[in-house]
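The next block holds one structure in the form of structure tokens; read it before the comments.
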Amino acid sequence: MSTTLRQNVLSNYLNSYFVETGTSHGEGLQVALNLPFEKYFSIELNEELQNLNKLKFKKEIEDKIGRAHV
């Protein structure tokens, strides 16, 4: 999978929170986790994709409790 969200573009619009709808396979969230947001919110309605991303970002969720919400 690929994403149109690029770190160099996203870094031009930094604020306290990263919010996205449609986590999909987590490509956008992966880009955002490389930038210094205070909190990360990624909303996915598909339960299968939610579970996939909870496993994929397990370490980030544990390391950034309250910062990485999948």
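Collect the residues in the stretch 44-57 that are open to solvent by less than 100 Å² (accessible area, probe 1.4 Å), of a type in the set (A, V, I, L, M, F, W, C) and not in a loop (DSSP other than H, G, I, E, B), keeping them in residue-number order. Matches in the stretch 44-57: Leu49, Leu52.
Here's the yes/no breakdown for (1) assigned to a strand (DSSP E or B); (2) of a type in the set (S, T, N, Q); (3) modelled with pLDDT of 95 or more:
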| position | (1), (2), (3) |
| --- | --- |
| Thr4 | no, yes, no |
| Leu29 | no, no, no |
| Ser42 | yes, yes, no |
| Ile61 | no, no, no |
| Gly66 | no, no, no |
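Look at the stretch 1-20: where a residue is polar (S, T, N, Q) and a partner is part of a loop (DSSP other than H, G, I, E, B) and open to solvent by less than 100 Å² (accessible area, probe 1.4 Å), sitting 6+ places away or on another chain with Cβ atoms under 8 Å, you get Gln7/Asn34; Gln7/Leu35; Ser11/Leu35; Asn15/Phe37; Ser16/Phe37. Among the residues of the stretch 13-63, the ones that are in contact with a helix residue (DSSP H, G or I) (Cβ under 8 Å, 6 or more places away or on another chain) and of a type in the set (D, E, K, R) come to 3 in all. Taking the conditions exactly as written (assigned to a helix (DSSP H, G or I) and closer than 19 Å to Glu60 by Cα), does Leu35 satisfy them or not? No: the conditions fail for Leu35. Screening Val9 on (1) open to solvent by 50 Å² or more (accessible area, probe 1.4 Å); (2) β-branched (Val, Ile, Thr); (3) assigned to a loop (DSSP other than H, G, I, E, B) shows it passes everything except condition (3).
The values are calculated or read from the model by the stated rules, or taken from the named source; none is laboratory data. Note that the structure is predicted; figures quoted are calculated from it, not measured. Every residue, glycine as well, gets a Cβ built from its backbone with ideal geometry; the counts of neighbours run over all protein chains shown. Only protein heavy atoms, including side chains, enter the accessible area calculation; ligands, DNA and RNA are left aside. Shrake-Rupley method; radii C 1.70, N 1.55, O 1.52, S 1.80 Å.
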